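Engineer: Provided herewith is a single structure, encoded as structure tokens, for subsequent inquiry.
The values are calculated or read from the model by the stated rules, or taken from the named source; none is laboratory data. Values in this document were obtained by computation on a predicted structure and should not be read as measured data. Please note: Cβ atoms are built from the backbone with ideal geometry, for glycine as well, and neighbour counts cover all protein chains shown. Heavy atoms of the whole protein, side chains included, go into the accessibility calculation; ligands, DNA and RNA do not. Shrake-Rupley method; radii C 1.70, N 1.55, O 1.52, S 1.80 Å.
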Amino acid sequence: MSFKNFIKEAKIIQAIEDLGFTDPTPIQEKAIPEIQKGHDLRAAAQTGTGKTAAFILPALTRLVESPSKGTGPRILILLPTRELAMQVEAETAKLCRHLPHIVTACVYGGVPYYVQNKKLSKKYDILIATPGRLIDFLKQKKIQLSRVEMMVLDEADRMLDMGFIEPVEYIASLTPQSRQTVMFSATYGRKVIMLAEKLLRDPVAIKIAPEVREQSQIEQHLHHTDNLDHKYRLLEHLLADTMINQAIIFSSTKAQTEQISNKLRQSGLDAAALHGDMNQRQRTRTMQLMRDKKVRFLVATDVAARGIDVQTISHVINFDLPHSLDDYIHRIGRTGRAGSKGIAISFTSYKDHQLRKQIERFAGLQTTPAAVAGQPADRENRKFRPRSGPRTGFQRGPRKRTSFIR
Ligand code: AMP
């Protein structure tokens, strides 16, 4: 599935390509067509699934395809916190970058009113707001909602946890009955369902499983490494395994991505790099080569961490760890797709201490020294004992340190 299947506007497609999104995420694939058909929607999806673009994109197609004159927002996005408001505003700005006539206003607490007043005094189409601040502006008659065509409730469960049930209902009551309502919530407890029943009409319900937390089909391993040279030797050793169908190797910098893929090619392996300095045509071409199995090893920065759904990727190797547990979850979610088994192997070093602990907790595993025969991490072996437990398909021979080829 490509974005072009449901987005016809070239300027929106251009913005999507600028962002490096190659394929829609599962929530986008399911939600966008339903929203475009005009249905109310009740979606269970967490942050990190691409849910923001799942509602912004159909909102933009609506604004582009049926322009209308008048003042006041046509799209209202309600969300619980200032941070989320800023995040959604930033994502909207990126997706609108080639549509200068579409204007967004954003209001949330903790900022002087006059700053936001300025923006509200001009024409705008999309309003992103936290309930409390929006109600302040409604009382001051600085905003009126009679033109709202689509109302989005983002992170509805969090809004209710924060006590916004009445404000949300009050705000909804000021919008036209004919509006379309789209609700995103990570969880659907009793209160959220009650709110959905009040505000949504015959909603289509969709559910996206959290990327990995519930996926047991990804076998995860963490190995300590000493330095770059050790990582390279370990990588070479791992990639010699014939069990690897296709792998993504994540590295933290664009330059290193190129270096690794060059090294692999010099060793006679089918490898290609994917990173943000490549133009969209090159990126799309590389992904197509991966899909066509003409490339076996994709060496990528985090541009490849989300949204890529290639079912033949059997392994993810984190040559460097990412910045956060969320990014880690996204990266390893590139394998084990569509019910198949996957293996995720991560190299860690001393500087990764914090994140390593988080991953250990998340995955219920313990870091082992790089226990591939002949490639142990020197210093870590003094601190960590190899544990007994699941082993990677790569560990050959006895687990105990047999040799220290360095
Ligand atoms: P969200 O769940 O909306 O917070 O999105 C999480 C991250 O995924 C954001 O950084 C988005 O820019 C990114 N994202 C959204 N859609 C895609 C896509 N189709 N491909 C790759 N990344 C995406």
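Engineer: For a quick check of your reading of the model, give me the residue pairs whose first member lies in the range 12-37 and is closer than 22 Å to G276 by Cα, whose second is more than 12 Å from the ligand (Cβ to nearest atom) and part of a helix (DSSP H, G or I), with beta-carbon atoms closer than 6 Å and at least 6 apart or on different chains.
Structural biologist: Short answer, once both residue conditions are applied: I12/L60; E17/Q280.
Engineer: Counting just the residues of the range 1-12 that are under 16 Å from T284 (Cα atoms) and within 12 Å of the ligand (Cβ to nearest atom), which one comes out most open to solvent (accessible area, probe 1.4 Å)?
Structural biologist: M1
Engineer: Can you tell me which residues in the range 260-275 are in contact with a strand residue (DSSP E or B) (Cβ under 9 Å, 6 or more places away or on another chain), open to solvent by 30 Å² or more (accessible area, probe 1.4 Å) and part of a helix (DSSP H, G or I)?
Structural biologist: Going residue by residue through the range 260-275, those that are in contact with a strand residue (DSSP E or B) (Cβ under 9 Å, 6 or more places away or on another chain) are 260-265, 269-275.
Narrowing further to those that are open to solvent by 30 Å² or more (accessible area, probe 1.4 Å): 262-263, 265, 269-270.
Across the range 260-275, the qualifying residues are N262, K263, R265.
Engineer: Let me ask something additional. Spot the failing condition for L19; the list is (1) aliphatic (A, V, I, L, M); (2) surrounded by fewer than 20 Cβ atoms within 10 Å (Cβ to Cβ); (3) away from the ligand (no atom under 15 Å from the Cβ), and only one is missed.
Structural biologist: (3)
Engineer: For residues in the range 53-92 being modelled with pLDDT of 85 or more and of a type in the set (D, E), which is farthest from T130 (Cα to Cα)?
Structural biologist: E65
Engineer: In addition: Across the range 138-197, what is the number of residues that are of a type outside the set (D, E, K, R), assigned to a loop (DSSP other than H, G, I, E, B), touching a Pro at 6+ places or on another chain (Cβ under 7 Å) and open to solvent by 10 Å² or more (accessible area, probe 1.4 Å)?
Structural biologist: 3
Engineer: If you take the residues in the range 309-324 that are open to solvent by less than 30 Å² (accessible area, probe 1.4 Å) and out of contact with any Gly (no Cβ under 9 Å at 6 or more places or on another chain), which one is modelled with the lowest pLDDT? Break it down stepwise before answering.
Structural biologist: So in the range 309-324, the residues open to solvent by less than 30 Å² (accessible area, probe 1.4 Å) come out as 310, 313-322.
Cutting the leftovers down to out of contact with any Gly (no Cβ under 9 Å at 6 or more places or on another chain) gives us 310, 317-322.
On the way: V310: 79, I317: 96, N318: 96, F319: 96, D320: 95, L321: 94, P322: 90.
Within the range 309-324, the match that is modelled with the lowest pLDDT is V310.
Results for (1) open to solvent by less than 30 Å² (accessible area, probe 1.4 Å); (2) assigned to a strand (DSSP E or B), shown as yes or no for each residue.
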{"position": "I249", "(1), (2)": "yes, yes"}
{"position": "S252", "(1), (2)": "no, no"}
{"position": "D277", "(1), (2)": "no, no"}
{"position": "R331", "(1), (2)": "yes, no"}
{"position": "F347", "(1), (2)": "yes, yes"}
{"position": "Q354", "(1), (2)": "no, no"}
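Engineer: Here's another thing I want to ask about it. With the checklist (1) in contact with a helix residue (DSSP H, G or I) (Cβ under 8 Å, 6 or more places away or on another chain); (2) modelled with pLDDT of 95 or more in hand, flag the one item A156 doesn't pass.
Structural biologist: Single failed check for A156: (2).
Engineer: Please return the ranges of helices (runs of 4 or more DSSP H) entirely within the range 32-121 where 2 or more residues are more than 16 Å from the ligand (Cβ to nearest atom) and surrounded by 14 or more Cβ atoms within 10 Å (Cβ to Cβ). Even if it seems obvious, please write down each step before you answer.
Structural biologist: Numbers: elements: 51-65, 82-95, 113-120.
Qualifying helices (runs of 4 or more DSSP H): 51-65, 113-120.
Engineer: Under 6 Å by Cβ, and 6 or more places apart or on different chains, what pairs join a residue from the range 318-332 that is away from the ligand (no atom under 12 Å from the Cβ) with one that is among the acidic types (D, E)?
Structural biologist: Taking only residues 6 or more apart or on different chains, the pairs are L321/D352.
Engineer: Would you mind stating whether I13 is modelled with pLDDT of 95 or more and over 17 Å from the mean Cα position of the chain (by Cα)? Lay out the reasoning, then the answer.
Structural biologist: Details: modelled with pLDDT of 95 or more: yes; over 17 Å from the mean Cα position of the chain (by Cα): yes.
So I13 fits the description; yes.
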